[in-house]
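Below is one structure; the comments refer to it alone.
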Amino acid sequence: MRFQMFLASLIAAGSAFANAQRSATPPDRIRLAEGFTIELIYSVPRDDKGSWVAMCQDDKGRLIVSDQYGGLYRFPIPKPGENVDPATVEQITYSEDNTKARRDEPKPAIKVNNAALRRLPHIGHAQGLCYAFDSLYVVVNSRASTTGSGVFRLLDTDGDDQFDKVITIKKLVATGGEHGPHAILPAPDGEHLYVVMGNQTELPEDYTHSRVPEVWAEDQLFPSLQHFMVGVEAPRGHIAQIDPEGKTWEIIATGFRNQYDAAVNQDGELFTFDADMEWDLNTPWYRPTRVNHVIDGAEFGWRVGSGKFMEYCSDTFGAAVDIGPGSPTGVSFGYGAKFPAKYQNALFICDWSYGKLYAVHLEPKGSTYTGVFEEFTSAQPLPLTDILINAEDGAMYFTVGGRRVQSGLYRVTYTGDESTAPAKSINAGEQARKRRHALEAFVQKNVAAAKPRQLDKIWRSLGASDRGIRHAARIALEKQPVKNWKHRLAGESNPIIATAALIALARTDGKNSASEILQQAMGFHYVALKNRQQRLDVLRGLTLALTRGGLPKPALKSKLIRWLDAIYPAQTPEENRDLSGIMAFLQAPSAAKKGMALLEKASGQEEQIGYALNLRHLKKGWSPEMRKTYFQWFVRAGNYEGGARLRHYLNDIKNHAVQSVPKAERTLELIKIIETSPREGVPQFTLEARSFVKKWELKDLNGLLADGLQGGLDFKNGRQMFGAGACYVCHRFKGEGGAVGPDLTSVGGKFSAHDLLESIIDPGKEISDQYGASNFNLKDGNTISGRIMNMKGDTYWVNTDMMAPSTVTKINADRIASIHPSPISMMPSGLLSMMKKADILDLLAYLISGAEPEHELFMKKRRRSKELQKTR
């Protein structure tokens with residue numbers, strides 16, 4: 001209903017687009033959460049004051065903003081109901097008095113521009129602003145600026161409300177443009193600041209301390225596929241803590257891609273919103289934009305190209321909330337806003353490319369957090385850049401701009417009926433956080449090595465059920481001398497503690513201890529381990545021992561291959577992905593046969609690409625038929641859709657695979673397959689050809705759901721149907737699949753089987769605001785339908801096909817007459833037409849399960865009843 005109401009309002013307002021295109025997006029074209037009102041209080045004159053990307057408030061409550069490619073501006077926040085007075089928007093300039101007057105001599109009331117005054121270096125191109133400690137901190141991200149990239153402090157030394165001194169806190173080496181240094185914000189202790197830097201910012205050579213163990217490495221069994229930032233190695237993408245004078249630079253956490261901003265909650269915990277790599281969509285190493293809880297010493301696993309650490313790797317801390325595709329910019333908690341309680345406690349996060357402001361509702365989960373999110377504000381276009389809450393009037397302010405697009409300042413207020421009284425803080429998790437903080441004390445600067453009793457505490461905490469405590473304990477252990485704790489592994493019977501310690505030992509002493517780690521890992525009764533994570537941790541320990549220690553000696557290598565053969569293939573795709581890589585690295589005789597069997601049965605392109613990637617360097621164990629099947633897969637994969645680099649990645653895998661084929665085995669038949677070009681068509685994710693069954697309508701299947709979905713269903717087949725129906729192209733389910741459509745992991749808790757079936761058969765009946773398309777009606781009479789996914793200046797990059805996320809049409813704003821929401825869903829119909837009734841039941845049951853449990857839990861006592869057999 002909201003979408004239809006919004007559609008009607010935009011149709012009424014759409015004709016005004018042509019006249020408003022040189023202004024920021026009008027408020028009547030912006031979706032907003034119920035009960036809220038939005039005002040455009042300043043449309044920035046672009047030719048004069050640029051495109052704004054950062055803002056803060058000074059000690060007088062004024063806004064200070066930054067043009068991405070220009071200077072800084074300052075102006076008072078207008079009163080409620082009023083707009084910014086353009087005459088009050090002043091550019092910040094700087095000058096330094098070089099006269100030799102004594103301190104006690106009277107100074108002129110007004111500074112005069114004469115030879116005694118020297119202009120200071122121009123401070124601009126800022127992507128981070130913070131007024132603290134009686135000064136303005138500016139983070140410059142530009143090689144083109146006069147200062148270069150870095151952190152600078154502006155002071156008003158004589159109290160005349162004009163900055164007259166610039167201190168260089170830290171010069172930073174940033175190898176690129178928009179992934180350099182970004183935000184700066186006060187730390188919760190009131191004595192420090194946090195600085196946020198993307199992955200094109202190098203760690204300063206003179207950093208004073210790292211809470212992250214300085215054992216970082218790429219940790220790849222094979223060289224990763226790279227097409228951007230080629231050759232860049234960890235550590236990149238970090239958050240640092242500095243003192244007001246910049247005498248210290250402490251590394252808090254690393255492994256981010258391009259987190260633009262950060263915010264601290266009422267518990268003093270730090271959060272950021274990190275970027276995806278949209279070129280990697282629909283690859284197994286793609287990670288959606290995500291909210292990260294930034295704990296001391298954490299590593300978040302970004303690596304170039306295909307080298308990114310998976311979410312399940314215990315040596316990375318992972319996400320609190322996955323969001324989806326986008327370009328993260330400003331973030332802020334709602335504290336101080338005159339909003340309903342849930343929004344006061346929400347973390348607001350800005351997505352520049354898709355024009356969305358999300359409200360993330362976090363809740364404690366042990367020592368860390370989890371949460372859900374909702375779309376709070378959105379429009380096309382609405383390139384959000386920064387956000388803050390003004391405690392004086394209780395309103396939210398956000399800017400749009402960046403990349404020279406039309407910039408504006410908006411004010412959001414609540415006008416609904418709910419109470420806006422100050423919200424109570426969420427009191428939960430205090431004891432767990434206290435326990436985690438006690439472990440994090442061991443990673444701080446100038447802390448002595450743990451004493452035996454303290455080491456006992458760290459060791460026991462490796463077995464905690466709480467991931468945050470477990471992570472903090474491993475980090476604390478890695479900060480201790482290896483000789484103080486390595487001996488404990490031999491007698492450890494708790495598999496959770498033992499696997500965590502194996503990972504720690506591999507990271508800190510893998511070169512010397514690899515053989516011991518491998519022997520210890522083979523001591524586990526793998527299939528008896530209680531859950532998937534324990535088994536994955538064993539495999540992670542093995543992987544790290546091999547990446548850090550290299551290939552084992554022949555006798556140990558043979559023993560390891562025999563042990564792996566007994567457990568491979570394993571119960572879950574994640575385990576099999578890791579196992580296929582380890583087996584290929586060892587050139588195990590069975591690696592080709594087992595890997596190809598998994599590739600042929602894999603249900604989606606991500607899983608298939610993962611196996612194909614691991615098989616590419618395998619030289620032994622191939623039969624002629626397996627070789628042919630492997631290269632035939634590349635022909636089929638040529639129709640797979642994804643990010644802009646998907647084709648390049650697939651070509652890389654294929655080229656490496658061709659190089660691994662001995663010349664004697666390159667038969668004419670194999671060469672013909674290798675040289676076969678893919679045919680254009682709809683992606684087919686299964687080797688088994690599927691034929692048309694029926695164009696299903698809801699009335700055909702209503703009776704199918706009469707008895708519900710309880711008992712006897714084939715979840716494994718349901719997973720296959722998720723691939724056969726091309727669901728993986730757009731949707732994620734438990735970490736697999738695309739991200740341009742909604743994540744379906746928790747859909748079973750929100751919708752009934754009937755609702756799900758209806759939305760698949762008739763996707764246009766109810767269109768989500770979050771994923772709806774827009775119609776761009778052009779002045780020449782044509783209409784382009786899609787979603788804005790990027791912008792530059794006056795050009796919009798519009799994705800016109802969700803099934804092909806890299807397909808864009810570029811539209812100049814001058815060509816557009818109006819923009820309206822499209823009444824047609826971007827999700828195609830007919831996705832069930834190659835499934836039988838039983839297949840559809842299995843698919844629905846798989847979706848409603850809301851999880852990807854262990855195979856044995858899926859299949860135990862799951863056999864079809866006679867009634868269901870009759871429906872086949």
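The values are calculated or read from the model by the stated rules, or taken from the named source; none is laboratory data. Computed from a predicted structure; not experimentally measured. Using ideal geometry, Cβ is built from the backbone for each residue, glycine included, and neighbour counts are taken over all protein chains shown. Side chains are part of the model used for accessible areas, which takes the heavy atoms of the whole protein and leaves out ligands, DNA and RNA. Shrake-Rupley method; radii C 1.70, N 1.55, O 1.52, S 1.80 Å.
Side notes on the structure shown:
- Verdict on residue 805 being surrounded by 19 or more Cβ atoms within 10 Å (Cβ to Cβ), modelled with pLDDT under 75, part of a loop (DSSP other than H, G, I, E, B) and within 26 Å of the chain's Cα centre (by Cα): yes
- Residue among 502, 477, 544, 539 that is farther than 26 Å from residue 572 by Cα, aliphatic (A, V, I, L, M) and modelled with pLDDT of 95 or more: 477
- Filtered residues of segment 778-802 (kept if modelled with pLDDT of 80 or more and over 22 Å from residue 641 (Cα atoms)): 778, 779, 780, 781, 782, 783, 794, 795
- Residue match in segment 664-684 (condition: part of a loop (DSSP other than H, G, I, E, B), crowded, with 18+ Cβ neighbours inside 10 Å, modelled with pLDDT of 90 or more and not aromatic (Phe, Trp, Tyr)): no
Residues are listed down the side, and each one gets a yes or a no for (1) among the basic types (Lys, Arg); (2) surrounded by 15 or more Cβ atoms within 10 Å (Cβ to Cβ); (3) at pLDDT 95 or above; (4) under 17 Å from residue 793 (Cα atoms):
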residue	(1), (2), (3), (4)
5	no, no, no, no
8	no, no, no, no
12	no, no, no, no
16	no, no, no, no
44	no, yes, yes, yes
59	no, no, yes, no
64	no, yes, yes, no
74	yes, yes, yes, no
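- Taken as a whole, the condition of being touching a residue at least 40 places away in the same chain (Cβ under 8 Å) and in a loop (DSSP other than H, G, I, E, B) applies to residue 245.
- Taking the listed residues 475, 458, the one that is open to solvent by less than 60 Å² (accessible area, probe 1.4 Å), within 25 Å of residue 534 (Cα to Cα), more than 29 Å from the chain's Cα centre (by Cα) and aliphatic (A, V, I, L, M) is 458, with no other qualifying.
- Hey, residue 376 closer than 30 Å to residue 653 by Cβ and touching a residue at least 24 places away in the same chain (Cβ under 8 Å) or not: no
- Just one residue in the set 329, 272 is closer than 25 Å to residue 414 by Cβ, of a type in the set (S, T, N, Q), touching a residue at least 12 places away in the same chain (Cβ under 8 Å) and not in a loop (DSSP other than H, G, I, E, B); that residue is 329.
- From the list 211, 143, the one residue that fits, being surrounded by 17 or more Cβ atoms within 10 Å (Cβ to Cβ), touching a residue at least 12 places away in the same chain (Cβ under 8 Å) and among the basic types (Lys, Arg), is 211.
- Residue in segment 583-596 that is surrounded by 18 or more Cβ atoms within 10 Å (Cβ to Cβ), free of Cβ contacts under 8 Å to residues at least 60 places away in the same chain and within 20 Å of residue 672 (Cβ to Cβ) present: yes
- Residue, most open to solvent (accessible area, probe 1.4 Å), within segment 256-301, restricted to residues that are small (Gly, Ala, Ser) and either touching a Phe, Trp or Tyr at 6+ places or on another chain (Cβ under 7 Å) or under 22 Å from residue 469 (Cβ atoms) (or both): 268
- Evaluated against (1) at pLDDT 95 or above; (2) assigned to a loop (DSSP other than H, G, I, E, B); (3) closer than 24 Å to residue 69 by Cα, residue 397 falls short on exactly one condition, (2).
- Criterion (more than 19 Å from residue 330 (Cα to Cα), modelled with pLDDT of 95 or more and in contact with a strand residue (DSSP E or B) (Cβ under 9 Å, 6 or more places away or on another chain)) met by exactly one of 206, 261, 219: 206
- Being surrounded by fewer than 19 Cβ atoms within 10 Å (Cβ to Cβ), over 20 Å from residue 298 (Cα atoms) and not acidic (Asp, Glu) holds for only one residue in 395, 449, 438, 428, and it is 428.
- Screening residue 339 against (1) at pLDDT 95 or above; (2) touching a Ser or Thr at 6+ places or on another chain (Cβ under 8 Å); (3) part of a strand (DSSP E or B) leaves a single unmet condition, (3).
- Residues being within 17 Å of residue 547 (Cα to Cα) and open to solvent by less than 20 Å² (accessible area, probe 1.4 Å) are represented in segment 480-499 by at least one member.
- Look at segment 35-63: where a residue is under 22 Å from residue 154 (Cβ atoms), no partner that is at pLDDT 95 or above and assigned to a helix (DSSP H, G or I) sits 6+ places away or on another chain with Cβ atoms under 8 Å.
- Residue pairs whose Cβ atoms lie under 7 Å apart, sitting 6 or more positions apart in sequence or on different chains, and linking a residue in segment 491-518 that is under 19 Å from residue 216 (Cα atoms) to a partner that is aromatic (Phe, Trp, Tyr), do not occur here.
- Residue satisfying all of: in segment 537-578; of a type in the set (Ser, Thr, Tyr) and either assigned to a helix (DSSP H, G or I) or open to solvent by 20 Å² or more (accessible area, probe 1.4 Å) (or both); farthest from residue 592 (Cα to Cα) among these: 547
- Restricting segment 400-425 to residues that are open to solvent by 20 Å² or more (accessible area, probe 1.4 Å) and either part of a strand (DSSP E or B) or among the basic types (Lys, Arg) (or both), the residue that is farthest from residue 379 (Cα to Cα): 424
- Residues considered: 347, 357, 384, 362. Of these, the only one that is free of Cβ contacts under 8 Å to residues at least 60 places away in the same chain and within 24 Å of residue 745 (Cα to Cα) is 357.
- Scanning segment 426-453 for residues that are part of a helix (DSSP H, G or I), of a type outside the set (A, V, I, L, M, F, W, C) and closer than 15 Å to residue 473 by Cα yields 433, 434, 435, 436, 437, 440, 452, 453.
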